[in-house]
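The values are calculated or read from the model by the stated rules, or taken from the named source; none is laboratory data. Bear in mind that the values here come from a model prediction, so they are computed numbers and not experimental data. Cβ placement follows ideal geometry from the backbone for every residue including glycine, while neighbour counts extend to all protein chains displayed.
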Amino acid sequence: MKTIQKSIMLLFFLTLFQIFPSLAGNEVEHFLGRWALHFEEGMGWLEVRQEKGYLDADLLWIGGSVTPVANVFISEGKLLVTRTSTSDFDQGDGKMRTHILTSTLELEGKGDQLIGKMTEPKKEGVGATIYYIHANRIPPIPAAPDLTKVKFGQPIKLLGNDLTGWRLLEQDAVNGWKVEKGELVNNPEQKEGTPHIHYGNLRTDAEFEDFNLTLKVNVPEGSNSGVYLRGIYEVQVVDSYGKSLDSHNMGALYSRITPSEAAEKKAGNWQEMDITLCDRHLTVILNGKKIIDNQPMEGATGGAMTSNEFIPGPIYLQGDHGKVNYKDIVITPIVR
C-alpha cells in the first residue's frame, strides 16, 4: 500500500513539475510588452521584458523621464513593479537620515487589458496616495513610412496677432503667454521671496492626427520648453549648446530618442525646427540638419496629456519651465 501511495505522490509531483513551468511561462508572456497606463491624475507607460534569466521593466510615471524600475516580478497572477525615491530628514546636530520610499504598481487582467493600482507612501510615514489604473497593451509599431509617398494637405498658420486659437492647458494656471510683433512670448516670471507661481502650458484649440510642423524658436540661456505633438510626444526645446549628445537635448524626443548630431545654436539665436509625425515615427530637422530620421516612438513622453497614442490631439508648448519665444508656427496635416 505504501509503495502505491509513494508512486502516486511521485507521479503527482512529476506532473506538477511538467505543468508549472508551462503555466509560469504563459503567465510571464501575458505581461510582456508595452502598456499605456491610464488614471485620473495623469498618465504612465510601462514596458516589461524577458531578459536572460530575469524580468526587467522601464516605467514612465506622469512626468520626467523613462527610467528602469527597482524591481519587477509576477506573483499569484499579478504583475508587481516597484520604483524608489529618497527622502532626507534632519535629525539635528548635522545628522541626516535618508529613507528609501518604495512605490508599488500592481496589475492583473486578461488579454490586452489590465487593471490595478499604484501605491505611493507618504514621506512622513503615515498614509499613502493610491492611483487606480487601467492599462492597454500598445500594438506593435508599424514599419517606417515612406515619407516620399505621404500626401500632405494645406498648410495652416497657427499663430496670428493674438492668442486666438490657443488656450491654457491647465485651467488654474497663470498665463505667462502673449503675442508681440508676431512672436509668441512666454515669460514665467517668479518673484523672490514670494510663493512659487504655477504658469500654464499653451495648447491649440484645434487637434490633429499626423502632420508636418515647422516653427522658429528662441531659447534664452539656461531656459527650457518643449513642443508636444498631439499632446503626447515632447520634442525638447532647451539651451543645450555645447553639451554631449543626450536624449534631453534640443530636438530630442524627450528621454526616448537621442539626436544623431548636435545641431543646436547658442542661446538667444532663432532656431528652425521641421518635425514630421507619421505612423508613430518621428523625423526632426533642426537648423537644416536631420537629427532624427523617421525613427519609431515607443510611447508617450513625460508630461503628456494622455498615454493614448491613437487619438487626435493639439500642439502644446511647455510654458512652466522658462522664458521662450516662438514664431512662424505652421502645421501641414497628412492626408489619409
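Is it the case that Lys157 is over 26 Å from Asp293 (Cβ atoms), assigned by TED's automatic domain parsing to the domain that holds Pro296 and of a type in the set (D, E, K, R)?
Working: over 26 Å from Asp293 (Cβ atoms): yes; assigned by TED's automatic domain parsing to the domain that holds Pro296: yes; of a type in the set (D, E, K, R): yes.
It is true that Lys157 is over 26 Å from Asp293 (Cβ atoms), assigned by TED's automatic domain parsing to the domain that holds Pro296 and of a type in the set (D, E, K, R).
Residue check: is Gly116 surrounded by 13 or more Cβ atoms within 10 Å (Cβ to Cβ), more than 30 Å from His30 (Cα to Cα) and of a type in the set (Gly, Ala, Ser)? Full working, then the answer.
On the way: surrounded by 13 or more Cβ atoms within 10 Å (Cβ to Cβ): yes; more than 30 Å from His30 (Cα to Cα): no; of a type in the set (Gly, Ala, Ser): yes.
So Gly116 fails the test.
Looking at the stretch 145-164, can you tell me whether even one residue there is under 24 Å from the mean Cα position of the chain (by Cα) and farther than 26 Å from Asp328 by Cα?
Of the residues in the stretch 145-164, the ones under 24 Å from the mean Cα position of the chain (by Cα) are 145.
With the extra rule that they be farther than 26 Å from Asp328 by Cα, the set shrinks to 145.
Yes: the stretch 145-164 contains one or more residues that are under 24 Å from the mean Cα position of the chain (by Cα) and farther than 26 Å from Asp328 by Cα.
If you scan the stretch 53-104, which residues turn out to be among the aliphatic types (A, V, I, L, M) and touching a residue at least 40 places away in the same chain (Cβ under 8 Å)? Walk me through it before giving the result.
In the first step, residues of the stretch 53-104 are kept if they are among the aliphatic types (A, V, I, L, M); the result is 55, 57, 59-60, 62, 66, 69-70, 72, 74, 79-81, 96, 100-101.
Matches in the stretch 53-104: Leu59, Leu60, Ile62, Val66, Ile74, Leu79.
Looking only at residues that are acidic (Asp, Glu) and over 13 Å from Met118 (Cβ atoms) in the stretch 69-106, which one is surrounded by the fewest Cβ atoms within 10 Å (Cβ to Cβ)?
Of all residues in the stretch 69-106, those acidic (Asp, Glu) come to 76, 88, 90, 93, 106.
Right, trim to over 13 Å from Met118 (Cβ atoms) and you get 76, 88, 90, 93.
Numbers: Glu76: 7, Asp88: 10, Asp90: 9, Asp93: 5.
Applying the filter and picking the extreme gives Asp93.
Given Gly226, Gly200, Gly222, which one is in contact (Cβ under 8 Å) with a residue 60 or more places away in the chain and loosely packed, with under 13 Cβ neighbours inside 10 Å?
On the way: Gly226 fails: loosely packed, with under 13 Cβ neighbours inside 10 Å; Gly200 fails: loosely packed, with under 13 Cβ neighbours inside 10 Å.
None of the other options fit; the residue is Gly222.
I'm trying to understand the selection: among the residues of the stretch 307-333, which are surrounded by fewer than 19 Cβ atoms within 10 Å (Cβ to Cβ) and closer than 20 Å to Pro140 by Cβ?
Correct list: Asn308, Phe310, Ile311.
What number of residues within the stretch 177-192 satisfy the criterion of being over 24 Å from the mean Cα position of the chain (by Cα) and in a loop (DSSP other than H, G, I, E, B)?
7
Please give the number of the condition Ile257 fails out of (1) closer than 26 Å to Ile311 by Cα; (2) touching a strand residue (DSSP E or B) at 6+ places or on another chain (Cβ under 7 Å); (3) in contact (Cβ under 8 Å) with a residue 60 or more places away in the chain.
Only one criterion in (1) closer than 26 Å to Ile311 by Cα; (2) touching a strand residue (DSSP E or B) at 6+ places or on another chain (Cβ under 7 Å); (3) in contact (Cβ under 8 Å) with a residue 60 or more places away in the chain is unmet by Ile257, namely (3).
Kindly provide the set of residues from the stretch 193-216 that are part of a loop (DSSP other than H, G, I, E, B) and over 13 Å from His321 (Cα atoms), ordered by number.
Filtering the stretch 193-216 down to residues part of a loop (DSSP other than H, G, I, E, B) leaves 193-198, 200-201, 205-207, 209-210.
The answer is Gly193, Thr194, Pro195, Asp205, Ala206, Glu207, Glu209, Asp210.
Does the stretch 221-231 hold any residues that are touching a Gly at 6+ places or on another chain (Cβ under 6 Å) and part of a loop (DSSP other than H, G, I, E, B), and which are they? Before you say what the answer is, go through the steps one by one.
Quick first cut of the stretch 221-231, residues touching a Gly at 6+ places or on another chain (Cβ under 6 Å) only: 223-224, 230-231.
Within the stretch 221-231, Ser223, Arg230, Gly231 qualify.
Answer yes if at least one residue in the stretch 261-269 is of a type outside the set (Val, Ile, Thr), outside any loop (DSSP other than H, G, I, E, B) and touching an Asp or Glu at 6+ places or on another chain (Cβ under 8 Å), and no otherwise.
So in the stretch 261-269, the residues of a type outside the set (Val, Ile, Thr) come out as 261-269.
Checking which are outside any loop (DSSP other than H, G, I, E, B) leaves us with none.
No, that holds for no residue.
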